[in-house]
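Beneath this line is the structure, given in structure tokens, with notes to follow.
What follows is calculated from the coordinates using simple rules that are stated; it is not laboratory data. Small disclaimer: the values here were computed from a predicted structure and weren't measured.
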Amino acid sequence: MNSTHDLSADLSAEARRAKVDRLDTAIDHVASRMVAVADDGEMTLRIVSALPERTSRLRWLIPQLAAIGAIAIAALFWTTRSNTRPALAALPTLDGPNMVGLANAVAASEPGTALRTMPLERLERLERLEPLEGDHERALSPMEAVAALLVPSMSPVEIPATELLTIAPIAVSDLPMTAESFSQQK
Amino acid sequence: MLTLAAADEPRADPEVVHLVALARTGDRAAFGELIERHLTAARRVALAAVGQPSDADEAVQEASVAAWRRLDGLHDANAFRGWFLRIVWRKAIDRRRSVRSWFDRFSSSTADDQRPMEFVAAEATPDQILISRELAAAIAQVVRSLPRKLRDPFLLAASGDHRYEDIAAMLGAPLGTVKWRIAEARRVIRMKLDHMGHGDPR
């Protein structure tokens, strides 16, 4: 009984294994069919005829390099622009005629104002000055108006030809013009 | 199980190096020969990404032009194949993401779904043929419904052109992740087929 059962179990396992193998084979076959391609003898020719011209791998760098070069040249020109001066003319040599001409030109020219070349000495700091308060009590007394010169009008014919013309002295009242008239400051 | 390409490292091929050197000088014929050598693999890679042969061929053309332009960026001439296929994959992914491709796929999805799968055993009876065609259609439907993270490595592996390492490089994913995704894709396919009545009778 057991041997019969074992035999049927073995046959069943064998059949199951066979079906599994057949299923695996079917899966492999179908999968390979799904990626199968038909022969196309002219495809290579089509590909080759559609190939573009080969270019250098660095060709794409050309525009960038050109732009960088232009910027570098512009920067170089800009930085050296201020230092660029025209070439100096050759100074005249101190030979005979040139020396005479130079001396004449110096002699003919007027002397100019001498320019200060020495540095100025540093000024000492000035003391601060306090403003003076007005001393109204001892201020100058008001000055009387100067007497007007009284010259009588006369015609030229009235002037004596021989006598000197005398003019009366100008009388000026007390005018405190001396230092003694000022009071001492406290 | 899926048949993967040989796992040995790409050997130095003097002819490839020579062709790459010629192509770098502008030799179109040399570049065409390089493309011709890997054209089928490139078309399969693109087809795995976009699902439509016409889109796949356009992606391969765009990738070829891109490779032609970037040929100076290829440091190791012997690595041309992997380098070119990675460009193809990226171009195909770009095309898959484009709105136009979505519209095209949507409009032609019905015809593509009904593309006959020639999965018939040599000694199959008429009933087996019918079942096999049903099974093939069911498998194709399940594979298309897989998430992209599972479907992409699964279909790339199904092409039989690439090693796991190549697939990982193309997808930009770790090798272990790629292996897990392929196994997971197979598990999900089997589970869905089981739900559809085509699975393993337990």
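Below are the figures for this structure:
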{"quantity": "Cα-based Rg / Dmax (Å) for the range B:148-188", "calculated": "8.8, 24"}
{"quantity": "Note, ³J(HN,Hα) from phi for the range B:137-152, Karplus 6.51, -1.76, 1.60, rounded to Hz, x at Gly and Pro", "calculated": "5, 5, 5, 4, 5, 5, 4, 5, 7, 5, x, 4, 5, 8, 5, 4"}
